Every structure is written in structure tokens, then in C-alpha cells.
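Notes for the one structure printed next.
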Amino acid sequence: MDTNTPSGQTDKLDRIVEARMKLKRRFEEKIAQTPSMIDETPRGTGPLNRHGMPTVPIGQTVTAKWPVLDLGYQPNIPLDKWQLNIDGEVNNPVRLKWDDLMALPQVEDTSDFHCVTTWSRLNVPWVGVRFMDLAALAEPKETATHVMCYGYDGYSTNLSLEEALKLDVLLVHTADGQPLAREHGGPLRMITPQLYAWKGSKWIKRIEFLTKNQLGFWEERGYSNTAYPWRNDRYS
Ligand SMILES: Nc1nc2c(c(=O)[nH]1)N[C@H]1C(S)=C(S)[C@@H](COP(=O)(O)O)O[C@H]1N2
Ligand SMILES: [Mo]
């Protein structure tokens, strides 16, 4: 990938914009059928958020703290060793080094974080790259329907493309104005503000596009496949 010259950079951005439009068109209808779009009475309390859902999903309690959940191991990945692979059912498998990631369009967004263990952390300011843009780089084949995201700690979690392609799904390197702490998945993790937070892999190292749904770490252990907080959709 020629990201070193200004024109290589421009070509790449043009290509992302075009591929992004294509993905949007392709998934528009499916996205419109997801719970956050079709549920008439999403369950929860508080004023409606920007997606029209009550701020605090049913069964959740707001916390100012940020608890840490992991598998008992917090990998340490120096930036010069870090890489992210995007592969599987794609036309253009990508391996990003840290500088490649930082050269992609950077997005700032503030969103909420809902853990299945019933705490919610509201209004977290994030900076990172949209999942949509990484997908646009890799160009999923027509047959791709889901992704499996893998962490450097051996974690995995699955998502449908209609959820993953929502515009607030980011791969973030900054939270609360600081580089994402290692305990929270730094240098890079995914966030899924409209689903329970286990759907966002910390220490993310690989995104594999799939032709069918497969179960990730917690999904294999009884967590819900769909993980929709406003349906209290915690376990399967
Ligand atoms: N790689 C990895 N990602 C992970 C986990 C994990 O154990 N390993 N835990 C998940 C769970 S259950 C939640 S609630 C959130 C917790 O993120 P936090 O520790 O930053 O609060 O990360 C999710 N992503
Ligand atoms: Mo969790």
C-alpha cells in the first residue's frame, strides 16, 4: 500500500470513499432491520439518546468509574510490533501497521458503553477509525455476512455486518483525551455502542470476514449472539 506519497494517500482515500458508498448501499436495508432501528419501544430509562433509545438500557446502572473486564491477561503490544490483519471473505486482505492506521480518516465520537454485568458508562469521548472504513479498505466479497474479531489475548467475538457497519462502531486508540490504557484494550480496541460491550474486542489484532455466523468466546459460553441492551438481550 503506497501511503508514503501525497498522491498515494489521496488515491487510497478516494478508494475508501467509493468502497464506503458501495457498502452503505449494500447494507442499508439490513441495517434498517436491526433492533435499534425497528424496535418501537426500546426498554430503558432516561431521555432518548441520538439513536432514539432511552439513555440507560433496562437493567443497567450508570457508573462514573470504568471497570476492567478481561480473561485474566492484559497483553502488552508495543506500537512498533502492533499490527491489525483484516482478512477472510475479502477481495483485498489488509495488514495495517500503526502508522497505516493513523493515516486513515480519524473520527471523534462520544458514545455510551454498556456492559452485560449491568454497568453503563455514559458519554465517553473516543477517537479512532470507523469499522466501516476498514471494511471499505478490505472490500468484503458479496458473500460476506459476519465478522469475527480476535484479540491479542485469545479473545474473540462475532458481529453481523449490519451491526458492525453502524457509524458509531469504531476502532479506538484514544479515550477521555488520553491514549487508550492497556487495561482497557490499548493500543487499539473496538467499541459497539448500540450492543453490549463484549462485542468490542480489546487489544484487537484480526478482523476475519465470514460467510456465516460463528460464535465467539462469550457467545460459545451462553452470552447472546445479538446482545441488544434495550431488549435485555444478555444470554442465549
Ligand atoms: N480482547 C478482549 N476483549 C474484550 C474482553 C476480553 O476479555 N478480551 N472483555 C469484553 C467484555 S465482557 C467487556 S464488558 C468489555 C470491557 O471493556 P473494559 O475492560 O475496557 O471495561 O470488553 C470486552 N472485550
Ligand atoms: Mo462484559
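Throughout, read-outs are computed from the coordinates displayed, never taken from laboratory work. Being a predicted model, the structure only gives us computed values, none of them experimental. When we count neighbours, we look across all protein chains shown, and the Cβ atoms used for this are built from the backbone with ideal geometry, even at glycine.
Scanning segment 194-217 for residues that are in contact with a Gly (Cβ under 9 Å, 6 or more places away or on another chain), on the phi < 0 side of the Ramachandran plot and either more than 15 Å from ligand 1 (Cβ to nearest atom) or in contact (Cβ under 8 Å) with a residue 60 or more places away in the chain (or both) returns Trp198, Lys202, Ile204, Lys205, Arg206, Ile207, Glu208, Phe209, Leu210, Thr211, Phe217.
For residues in segment 44-66 being aliphatic (A, V, I, L, M) and part of a strand (DSSP E or B), which is surrounded by the fewest Cβ atoms within 10 Å (Cβ to Cβ)? Checked segment 44-66; the qualifying residue surrounded by the fewest Cβ atoms within 10 Å (Cβ to Cβ) is Leu48.
Quick one: is Thr118 on the phi > 0 side of the Ramachandran plot, surrounded by fewer than 21 Cβ atoms within 10 Å (Cβ to Cβ) and within 16 Å of ligand 2 (Cβ to nearest atom)? When the stated conditions are applied, Thr118 passes them. Here Pro187 meets each of (1) closer than 19 Å to Trp98 by Cβ; (2) part of a loop (DSSP other than H, G, I, E, B); (3) under 9 Å from the mean Cα position of the chain (by Cα); (4) more than 16 Å from ligand 2 (Cβ to nearest atom) with one exception, condition (3).
Among the residues making up segment 218-236, those that are surrounded by fewer than 19 Cβ atoms within 10 Å (Cβ to Cβ) and either out of contact with any Asp or Glu (no Cβ under 8 Å at 6 or more places or on another chain) or in contact (Cβ under 8 Å) with a residue 60 or more places away in the chain (or both) are Glu220, Arg221, Gly222, Asn225, Thr226, Arg231, Asn232, Arg234, Tyr235.
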